[in-house]
Amino acid sequence: MPPGPSLSAEARVIETVSRASASMVALDSQRNYLAVSDAYLRLIRRRRADIIGTPFDHQTPETSLDGLEDRWRRFLETGSDIGTFDMVGPDGETIRYRMSAMTDVAPGVHLSVTTDGEIIDGPAVPGFRVGHDVSPRERTILWLLMDGATGAQIAYALGISEQTVQKHVANVKRKLGAVTRSRAVVLALRDGVLEPSVIEDHIAIHEIIRGADGGIADTVLRYISGDLVQSSPQLSVNVGRPHRAWSPGFLESDIFACMVQVDAVQEAREFHGAALHHAGLPSAQWEGVVVPLLNDRIAVRGHMA
C-alpha cells in the first residue's frame, strides 16, 4: 500500500526503492546514493551501509570518470539516459550493466532501473501520449516486469502464450514511448501508470478453481514474487499446485475471503491487517489489494504490515 501521506515525495521514493524487488537506485543531484534495492546490491556485490550517502563516482572506473560529468549534465538537461555503465567491483574488477534512468521522480531525486540481460539502444519513441490507453492486462504485465518476472513466467501466470506476452509488451512500450522493458517501467512509475506502492509490494497470481456452485473452491498458485521465493525457497515447489494440497490455512485466511468477495463483484478490494498462515511463510499480518484478472485469475499485491 502507498506510504502514509505525511511522508515527503523524496521519502516515498527512498522507501519504495529500498523495498523494490527489481534492481533500482535513487540518486540526488550530486550523484549521491539515496536508496538502493537489494537486487542492485546483489548486482554490484556491496553492502547498503557502504554506499548510501556516498557519490556514485566512487564506484566508477578511472577510465570512465572523464566523461561522467558531461554525461550527468546531459542527463539532467534531457531528463533521461539509456545505455551501459561500467562500475568497479569489490575485487577491483569492472562490472558492466545496462540501465534506464529518469530525472526528478521526486524533486531532486533521480531513478535508475538496471538490467543485465537486455540490449538497450536508441531514444524513446516519439509521438505517443505518455501513459494513455494502457489496458488493465498491459498494466498487470508491467507489474510483473517490475517484479522481475520473465516472459515465460508471465505467460504461465496469466494463462496466455509467450507470443501474446511479447505482443502486450510491444504495445505498452509503444504507448509509453519506450524502447526497452526497463525503460517502460521507469516511465510507467514516473507518469502514474504504475503507482509507487507496486515497488514495495509482493505479487502473487492465483488461478481460480470453481466448485459446483460456480464459486471459488480453491486456487492454484501461478506466480509468486522472486524475493519471497528467495527468503522461503520451499514456496517455489508449490507453484502450479492447488492451495488445498499444501496450504489449507490459506483457504481460511482473510485474504482468501477477500478473493471470494472480489470474484463476486469483479472489483479490486483492499485488505488491511489480514492474517496469513500457510506453509513456507511466517505467520504475519498483511496489507494489500486483491485485483480480478482475465482467464479466471486473481492477483494479490501486498506487504507485511
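None of the figures in this text is laboratory data; all of them are computed from the coordinates on show. Being a predicted model, the structure only gives us computed values, none of them experimental. Please note: Cβ atoms are built from the backbone with ideal geometry, for glycine as well, and neighbour counts cover all protein chains shown.
Some observations on this one:
- Measuring nothing but how far apart in sequence close Cα pairs (under 8 Å, 6+ apart) lie, relative to its length, the chain scores a relative contact order of 14 percent.
- Shown for VAL290, VAL105: other C-beta atoms within 10 Å of each C-beta, ranked fewest to most, produce the order VAL105, VAL290.
- Relative compactness, the chain, computed as alpha-carbon Rg over 2.2 N^0.38 Å: 1.04
- Charge dipole magnitude, Cβ of K and R +1, D and E -1 - the chain, Cα centre, debye nearest 20: 540 debye
- If a spin label sat at a point 7 angstrom from the Cα of VAL88 along the line to its beta carbon, the backbone N atoms of the range 39-61 nearer than 11 Å would be those of 57-61.
- Fully extended contour minus Cα-Cα distance, from GLU77 to VAL260, at 0.36 nm per residue: 60.9 nm
- Rounded FRET efficiency, nearest 0.05, which uses the C-beta distance separating ALA11 from ALA152 and R0 of 41 Å: 0.65
- Applying 1/(1 + (r/R0)^6) with R0 = 30 Å to the Cβ-Cβ distance of SER232 and SER135 gives a FRET efficiency near 0.40.
- For the range 9-115, the spread of Cα coordinates along the three principal axes comes to 35, 29, 22 Å, biggest extent given first.
- Values of log10 I(q)/I(0) for the range 202-304 across q = 0.10, 0.15, 0.16, 0.19 Å⁻¹ run -0.23, -0.54, -0.62, -0.91, by the Debye formula with one identical scatterer at each alpha carbon and no solvent.
- Point-to-point label distance, ARG47-THR63, nm (Cα→Cβ direction, 7 Å offset): 3.0 nm
- Taking SER225, SER232 and counting other C-beta atoms within 10 Å, the order from fewest to most: SER232, SER225
- Relative to the dominant Cα principal axis of the chain, helix 9-19 is inclined by about 70°.
- Candidates ALA26, ALA106, ALA188, ranked by Gaussian network fluctuation over the chain, Cα under 10 Å, top entry: ALA106
- Footprinting exposure proxy for ASP191, ASP70 (fewest neighbouring C-beta atoms within 10 Å first): ASP70, ASP191
- Cα gyration tensor shape of the range 130-190, rounded if a/c is under 1.5, else prolate or oblate by comparing a/b with b/c: prolate
- Cβ-Cβ distance of HIS303 and ILE95, R₀ of 30 Å, FRET efficiency by 1/(1 + (r/R0)^6): the value works out to about 0.50.
- Contact order normalised by residue count of the range 136-198, Cα under 8 Å, 6+ apart, percent: 34 percent
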